[in-house]
2 protein chains.
Amino acid sequence: MGKILDKELSDLKERLLTMGSVVEAQVARSIKSLVDRDNDLARKVIDADHEVNRMEVEIDEECIRLLALRQPEAGDLRFITTAMKIVTDIERIGDLAVDVSERALELNEEPILKPYIDVPRMAKAARNMLKEALDAFVNRNAELARAVLDEDDFVDELNKQIFRELLTFMIEDPHSISRAIRITYISKYLERIADHATNIAEMVVYLVEGRIIRHMDNQQANPASQG
Amino acid sequence: MGKILDKELSDLKERLLTMGSVVEAQVARSIKSLVDRDNDLARKVIDADHEVNRMEVEIDEECIRLLALRQPEAGDLRFITTAMKIVTDIERIGDLAVDVSERALELNEEPILKPYIDVPRMAKAARNMLKEALDAFVNRNAELARAVLDEDDFVDELNKQIFRELLTFMIEDPHSISRAIRITYISKYLERIADHATNIAEMVVYLVEGRIIRHMDNQQANPASQG
């Protein structure tokens with residue numbers, strides 16, 4: 001039975017990575033729909049979310065099945081229960097890609113406030129964090145997981161920077177307020193995507209080392225504290 | 001062994017409810033620190049967060065222990081894995097109470113922009129949703145869980161209303177922008193608390209009925225779409 005479980009665990013990892021890639025692509029497309037002002041693409045992201053939800057349920061069910069039938073021991077048991085938590089974070093990143101697309105649809109209806117430069121950079125960093133956090137998980141690599149935590153600071157810094165810049169727009173021209181606020185929302189969504197990746201990375205460190213390193217996101221990098 | 005598991009499951013429920021009450025109180029105190037401009041209270045909320053984190057870890061460990069030693073069957077197995085997911089949502093509500101307190105500390109340094117009326121109402125509704133969602137979980141009550149989903153609309157509506165009102169302040173007086181934005185952030189935090197309660201309620205419906213009702217928070221009630 002041990003062998004069967006190994007194969008099943010490796011299938012589980014594969015599915016998690018696949019779901020991660022799908023969600024990463026959703027984030028990338030949501031930002032592309034904003035930068036290219038492409039409403040069709042934004043709608044595609046929104047429509048594809050049910051696929052992400054379906055993947056979450058399937059992975060959850062597979063985890064339950066493994067727990068019920070294989071009665072995995074310590075290490076595998078923790079791996080499977082961690083997978084069940086991680087899949088929730090991945091799914092919520094998918095929801096945030098939908099949120100980005102919805103703000104994109106709204107912003108695309110109005111004149112461009114300013115070219116998007118930092119937002120795509122932030123999205124790229126957040127996507128990379130998700131990818132690395134999942135790689136760290138399937139390879140039980142605590143070192144890689146810790147690297148993800150460091151990257152979160154960069155994303156938080158970009159979020160603050162975007163916020164400060166948009167604040168000057170708002171103060172100078174009240175007509176820009178509603179657009180500027182939508183962009184700060186997108187920036188916040190990306191920060192939350194990075195936070196989910198950070199949560200995953202923390203779970204990996206706990207899984208591998210049994211040590212709790214709680215992300216200090218309450219102490220750092222809150223854009224409102226710069227407002 | 002069945003009896004031992006019953007006792008252990010009922011202890012687990014008790015611990016989840018306790019953690020829920022602690023977090024509910026954290027939310028209440030964070031809003032009180034805002035309304036009463038009480039910095040000491042805000043700092044107390046921030047300091048108490050480690051206690052919430054500790055409770056999460058303990059409940060997680062207890063769940064792992066039950067899975068490993070008791071090899072629970074179908075219903076109990078699902079109950080325990082759901083508890084492990086729910087505890088993450090409760091912990092993140094705790095983080096949001098800290099976020100509220102931090103914005104309160106900042107707002108308390110400046111003159112009051114306007115009396116807080118809708119924010120406390122929203123907080124009360126969100127706390128109530130958390131309480132009901134957890135009650136629904138420990139009692140496997142799908143009907144109560146569905147009621148929580150309905151309440152989410154009310155919270156989303158208040159969030160939109162707060163946003164619209166603050167937007168008029170910002171447009172009329174640029175000096176109000178940074179304070180107004182902080183208040184919209186608090187309103188957003190409360191909306192996210194309600195979303196976490198909604199996530200818990202959805203998991204309860206799935207646990208009890210095996211039916212997926214995914215919260216449509218992407219279609220509804222995004223304040224930016226009103227901006």
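The values are calculated or read from the model by the stated rules, or taken from the named source; none is laboratory data. Everything quoted here is computed from the prediction, not taken from an experiment. Cβ atoms come from the backbone with ideal geometry, glycine included; neighbour counts cover every protein chain shown.
Filter the range B:96-126 for residues that are over 14 Å from the mean Cα position of the chain (by Cα) and closer than 11 Å to residue B:46 by Cβ; which is nearest to the other protein chains (Cβ to nearest Cβ)?
Here the residue is B:102.
Yes or no: residue A:189 modelled with pLDDT under 95, within 12 Å of chain B (Cβ to nearest Cβ) and in a helix (DSSP H, G or I)? Working first, answer last.
On the way: modelled with pLDDT under 95: no; within 12 Å of chain B (Cβ to nearest Cβ): yes; in a helix (DSSP H, G or I): yes.
Spelling it out, it is not the case that residue A:189 is modelled with pLDDT under 95, within 12 Å of chain B (Cβ to nearest Cβ) and in a helix (DSSP H, G or I).
Right, residue B:87: in contact with a helix residue (DSSP H, G or I) (Cβ under 7 Å, 6 or more places away or on another chain) and surrounded by fewer than 18 Cβ atoms within 10 Å (Cβ to Cβ) or not?
Values: in contact with a helix residue (DSSP H, G or I) (Cβ under 7 Å, 6 or more places away or on another chain): yes; surrounded by fewer than 18 Cβ atoms within 10 Å (Cβ to Cβ): no.
Answer is no for this residue.
Inspect the range A:61-78 for any residue being surrounded by fewer than 22 Cβ atoms within 10 Å (Cβ to Cβ), of a type in the set (S, T, N, Q) and either more than 14 Å from the chain's Cα centre (by Cα) or at the interface with chain B (Cβ under 9 Å from one of its Cβ atoms) (or both) and give the result as yes or no.
yes
Among the residues of the range B:163-173, which ones are under 17 Å from residue A:184 (Cα atoms) and crowded, with 16+ Cβ neighbours inside 10 Å?
Within the range B:163-173, the subset under 17 Å from residue A:184 (Cα atoms) is B:163-164, B:166-167, B:170-171.
Within the range B:163-173, B:163, B:166, B:167, B:170, B:171 meet the criteria.
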